[in-house]
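K.L.:
Sharing a structure below in structure tokens format, with a few things to ask.
The values are calculated or read from the model by the stated rules, or taken from the named source; none is laboratory data. As the structure is a prediction and not an experimental result, all values here were calculated from the model. Ideal geometry is used to build each Cβ from the backbone, glycine not excepted, and the neighbour counts take in all protein chains shown. Ligands, DNA and RNA are stripped out before the accessible areas are found, and what is left, the full protein with its side chains, is counted by its heavy atoms. Shrake-Rupley method; radii C 1.70, N 1.55, O 1.52, S 1.80 Å.
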Amino acid sequence: SGLYWNRDDSAVPGVAMTIALEGNTPLAAEIQTLAARTVFPYPRRTSRGIELNRFQLLTAVIERRCNIAVNAHDLYINVAGGFTLQDPSADLPACAAIASALKNVSLQAGTCWLGEVGLAGEIRPVTRIELRLKEAARLGFHAAVVSSREKVKFTGIKLIRVSHIDEALAGLLIPSR
């Protein structure tokens, strides 16, 4: 997990953490997003570590379901350490990182994000949630944002249950310094 995680305690806008599965191994992954204003009519979308079409779909969901304007910004997304995320659980942290970058506010430190995001903005459960949460607790995370439909017994960290993307982003953004 150390390869894919900065472990810097200072919160930076556009950065979200998740616990992804590589086979059966849970790994911490840092998703970084940068938003830069553009004057051009077709904003640029660049992705490394997350499939470009998935990235574009998630930006459309954020704009439509959360009323966050994305069309005036070039957006760049990267998974730190060269890790490639194909796991649908990366949807929610990617959305959180995108929204954080667009609003220029940091996400709560010590929180990881685990959830698939549907086109309607709903947050769906992910596979092997208990394994992911155990790894998150072991790595020192104190909270995890998960689907309200998760059936989980693990209580090693605080679970923040959400059903929709706008609910997930509403109370979790904090002003940056």
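K.L.:
Scan (1) free of Cβ contacts under 8 Å to residues at least 40 places away in the same chain; (2) part of a strand (DSSP E or B); (3) of a type in the set (Ser, Thr, Tyr) for the single condition Tyr76 breaks and write down its number.
P.N.:
Looking at each condition in turn, Tyr76 falls short on (1).
K.L.:
Asp166 is checked against (1) open to solvent by less than 30 Å² (accessible area, probe 1.4 Å); (2) in contact (Cβ under 8 Å) with a residue 60 or more places away in the chain and fails just one. What number does that condition carry?
P.N.:
It is condition (1) that Asp166 fails.
K.L.:
When Gly82 is evaluated against the numbered criteria (1) of a type outside the set (Lys, Arg); (2) open to solvent by 40 Å² or more (accessible area, probe 1.4 Å); (3) under 14 Å from the mean Cα position of the chain (by Cα); (4) at pLDDT below 95, which criterion, by number, is the only one it fails?
P.N.:
(3)
K.L.:
Any residue in region 92-114 that is without any contact (Cβ under 8 Å) to a residue 40 or more places away in the chain and closer than 11 Å to Ala144 by Cα sitting within a Cβ distance under 8 Å of a residue that is assigned to a loop (DSSP other than H, G, I, E, B) and open to solvent by 30 Å² or more (accessible area, probe 1.4 Å)? List the pairs, counting only those 6 or more apart or interchain.
P.N.:
These pairs meet every condition: Gly110/Gly140; Gly110/His142.
K.L.:
To continue, here is another question. Going through Arg128, Arg65, Arg138 one at a time, which residue ends up being farther than 21 Å from Ser163 by Cα, open to solvent by 60 Å² or more (accessible area, probe 1.4 Å) and of a type in the set (Lys, Arg)? Break it down into steps so the answer makes sense when it comes.
P.N.:
Working: Arg128 fails: farther than 21 Å from Ser163 by Cα; Arg65 fails: farther than 21 Å from Ser163 by Cα.
Step by step, each of Arg128, Arg65, Arg138 is checked, and only Arg138 is farther than 21 Å from Ser163 by Cα, open to solvent by 60 Å² or more (accessible area, probe 1.4 Å) and of a type in the set (Lys, Arg).
K.L.:
How do the pairs read when you match residues in region 46-73 that are within 18 Å of Met17 (Cα to Cα) with residues anywhere that are of a type in the set (Phe, Trp, Tyr) and at pLDDT 95 or above, using Cβ under 9 Å and keeping only pairs 6 or more apart or on different chains?
P.N.:
Final answer for the pair search is Ser47/Phe55; Ser47/Tyr76; Arg48/Tyr76.
K.L.:
On the given criteria, is Gln108 open to solvent by 60 Å² or more (accessible area, probe 1.4 Å) and under 13 Å from the mean Cα position of the chain (by Cα)?
P.N.:
Numbers: open to solvent by 60 Å² or more (accessible area, probe 1.4 Å): yes; under 13 Å from the mean Cα position of the chain (by Cα): yes.
Answer is yes for this residue.
K.L.:
What about Phe55, is it more than 14 Å from the chain's Cα centre (by Cα), more than 19 Å from Glu167 (Cβ to Cβ) and either of a type in the set (Phe, Trp, Tyr) or loosely packed, with under 13 Cβ neighbours inside 10 Å (or both)? Steps first, answer last, please.
P.N.:
On the way: more than 14 Å from the chain's Cα centre (by Cα): no; more than 19 Å from Glu167 (Cβ to Cβ): yes; either of a type in the set (Phe, Trp, Tyr) or loosely packed, with under 13 Cβ neighbours inside 10 Å (or both): yes.
Answer is no for this residue.
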